[in-house]
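Here's the structure, in structure tokens; my notes come after.
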Amino acid sequence: MIDRATIERIIDAAQIVDVVSDFVTLKKAGANYKGLCPFHDDRTPSFVVSPSKGLCKCFACGKGGNAVHFIMEHEQLSYPDALRYLAKKYHIEIKEREQTEEEKQAQTERESMFIVNEWACRFFQEQLSTPDGMAFGMAYFRSRGFRDDIIKKFQLGYSPIQRDACYKEALRKGYKEEFLLKTGLCIKRDNGQVNDRFWGRVIFPVQTVSGKVVAFGGRVLDAATKGVNVKYQNSPESAIYSKKKELYGLYLAKQAIVKNDLCFLVEGYTDVISMHQMGVENVVSSSGTALTTDQIRMIHRFTENITVLYDGDAAGIKASERGIDMLLAEGMNVKLLLLPDGDDPDSFARKHHAAEYQTYLKENQVDFIKFKTGLLQQEAQGDPIKLSRLINSIVHTLSVVPDDITRSVYIKESASILNMEERLLVAAVGRQRRLAKEEQQRAKENEKRRAESTTGQTTITQQTNDSNASETPSSETNVTGMTGEESLQVTTSILTNSGQSAPSNENDISISGSGTPDSVESQIVSYIPQKGAEAFNFYRKEILLVQTIIRHGEKTMCYMEGEDGQDIPVSVCQYIHYALKEDNLNFHLPLHRRILSEALNHTDEEGFHAEKYFLNHPDQAISTLAFQLSGEKYQLSKYHTKNQKILSDEERLMELVPHLLSDFKLSIVEEELKQILLKLRDPQILQSKENYMAVMQHYKEMKEIESTLAKQRGDRVITL
């Protein structure tokens, strides 16, 4: 367990820009920073990092929080493990007590698999120092020309020729067979025998972008292993490893990629290692598989410029050509570099010095248009039919370029190289884009029909009648510092986090939990609006109270006289709690109730600051909501602050909080009155005098309460 003082030290040390920059390329944007969101397919920067608040947020997908929650989300870590990650980054010592057996058993499967992989990585490295490791594993690395520092840098290792050496050692160290099998380190045969997957191979650990060992690649050694046909053996897909989402070498390359604003893409493990040894560190590998969209998007977080560096043989050329379209479709600036004489980056490195290697890379990169058109012209060799087919291939490539200006420039250059009219290419590319768009639309419609047939649900269409339009929230700034649309986004987030239905707009809000009452008493309980602008307005009033708790919860609002005659301070959260309890009320959403409860529990603690507490809360739902509701989005101009005294919310708490409470209570009463009037239309109620009189009596009581609350609120109305 990590004590609270250490947690606060870690949070204070963790600079949000520094933490996020390890994974996302950030650019200054006023007082903040912006970059591509790492949590969704983001093509235009929507991920904002605020150094002053120590928070980040994507305004497209809504994910964000403080440094701890960013690491939790990005690396799929628990809260304690995210703290340990940051403590290691900032060299903060964590003293923890020994875990109990129950706590060890409670570790998640994902965490256990990472732990096993980290141990295996150390085991394979240690085996390089054994006699067999030196004779086979180290001899292989030496034959490739790898220096000792490079071997250590990439954590290269060796798996013993004994088929169960890793398995037996893992069991001896206390690791469970379950996780050895799930990570793919071991394989269980039909007869129950367990063998190592990588026995007799040299080992290449695969790391995530944050440096966690997620998988392994093993290369067979002919001198040590006979009768093995598969040259490379890789870890299987697992709960922690998806081959299409990982890039070999990215952890070691990310800083160099940002520094050079360029990424080299190669095919294999040894290609990456050899280029590092030649002083070229901004290089990653697709691990011998076809390039995937997920891998491209990972690179795009750090740079828009990529040079594809494949073998100079026919297979390498075809591999380069296949990857072009995918890279362009993701908005990357693509260049190609083919090595001479059928070399790959590894073999080419062994033939040249570092300076020669780097010079060749700089001077021989070719824009993809020149490369592809030149390649296709060479293949066509004057054959009109073949040339026509190859031009169609170029048209397809040009059609996937997302940016209009870039696509236009490429079309012009291609027309010049192919010696054909530009308008013909423009027409062909336009036609190809229309066909692709129609195909995408058909695919979406088919997917939609399949989803509807599976769930039996139909899409809810937005209501556009005049009454709903009149209830649409104003775009003017309200007391939360947000527009009506932004306030709705907060409501959506809250409903999602509390496990309820999240509205797509103000006319589609649907709150679960209402049923058909069986008695008069159940019919006259507080009514929560089901959909439309009514629900939108109802929950905004609850949000305003929650926002006040987050911003000012610990501040003294007033005093009450104690038993000894002394004045006792009453904080904002205590005042709200007493006011709700007085009328036997509470917040409707569990997340809101939890925020009020935690504020009450900590309000008497010395140094407690509600906003800081909730912004750094271990529950991401709470910290994200606090981020959305904290601070002011707009500031008054110098003219207003100079020429007139404007009271802040903190200065007028005694006026603001009672007003918000009255608004909240009044909204409940108003909705309940609507529900009562609806029940009075029920024939069963009308036919029973007893039931009818009970409902009318309740209606009268609610009207009296409404009148009292309206007087308390006064004529002034808070514009939402």
- Query: In the full protein assembly as shown, how much of Arg434 is accessible to a 1.4 Å probe, in Å² to the nearest 10?
  - Reply: 140
- Computed accessible area, His698, all protein chains, 1.4 angstrom probe, square angstrom: 30
- Which entries of Lys53/Lys335; Lys188/Lys231; Lys88/Lys243; Lys541/Lys612; Lys231/Lys254; Lys231/Lys351 show an alpha-carbon separation above 31 angstrom in the structure shown? Lys53/Lys335
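Can you tally the net charge around Leu181? Count Lys and Arg as +1, Asp and Glu as -1, for every other residue whose Cβ sits under 11 Å from the Cβ of Leu181.
+2
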- Provide the FRET efficiency to the nearest 0.05 for the Glu8-Met696 pair, computing r from the beta carbons and using R0 = 51 Å. 0.30
- Taking a cut-off of 17 Å between Cα atoms, list the lysines near Lys173, but don't count ones fewer than 8 places away on the same chain. Lys104
- Message: With a 1.4 Å probe and all protein chains kept in place, how do Cys186, Cys61 rank by accessible area, largest first?
- Response: Cys61, Cys186
- Using a 1.4 angstrom probe on the protein heavy atoms only, line up Thr624, Thr359 by accessible area, largest first. Thr359, Thr624
- Query: Reachable lysines from Lys689, Cα under 17 Å, same-chain residues fewer than 8 places away excluded?
  - Reply: Lys679, Lys700
- Query: Considering only Cα-Cα distances, which of the following residue pairs are longer than 30 Å: Lys89/Lys168; Lys95/Lys212; Lys89/Lys152; Lys57/Lys665?
  - Reply: Lys89/Lys168; Lys57/Lys665
- Read phi for every residue in the stretch 605-619 and hand back ³J(HN,Hα) as whole Hz from Karplus 6.51 cos²θ - 1.76 cosθ + 1.60, θ = phi - 60°, with x for Gly and Pro. 6, 5, x, 5, 10, 4, 4, 5, 4, 6, 5, 9, 5, x, 7
- Please give the FRET efficiency for Leu678 paired with Lys27, using the beta carbon to beta carbon distance and R0 = 41 Å, rounded to the nearest 0.05. 0.15
- All lysines inside 17 Å of Lys448 as judged from Cα atoms, apart from same-chain residues fewer than 8 positions distant: Lys437
- Message: Can you give me the solvent accessible area of Thr208 with a 1.4 Å probe, rounded to the nearest 10 Å²?
- Response: 10
- Task: Please list, in chain and number order, the residues 5+ apart from Gln207 or on another chain whose amide H is under 5 Å from its amide H, with Hs placed from the backbone.
- Result: Val214, Gly249
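The values are calculated or read from the model by the stated rules, or taken from the named source; none is laboratory data. Computed from a predicted structure; not experimentally measured. We place every Cβ from the backbone using ideal geometry, glycine too, and count neighbours over all the protein chains shown. Surface areas here come from the heavy atoms of the whole protein model, side chains and all, with no ligands, DNA or RNA. Shrake-Rupley method; radii C 1.70, N 1.55, O 1.52, S 1.80 Å.
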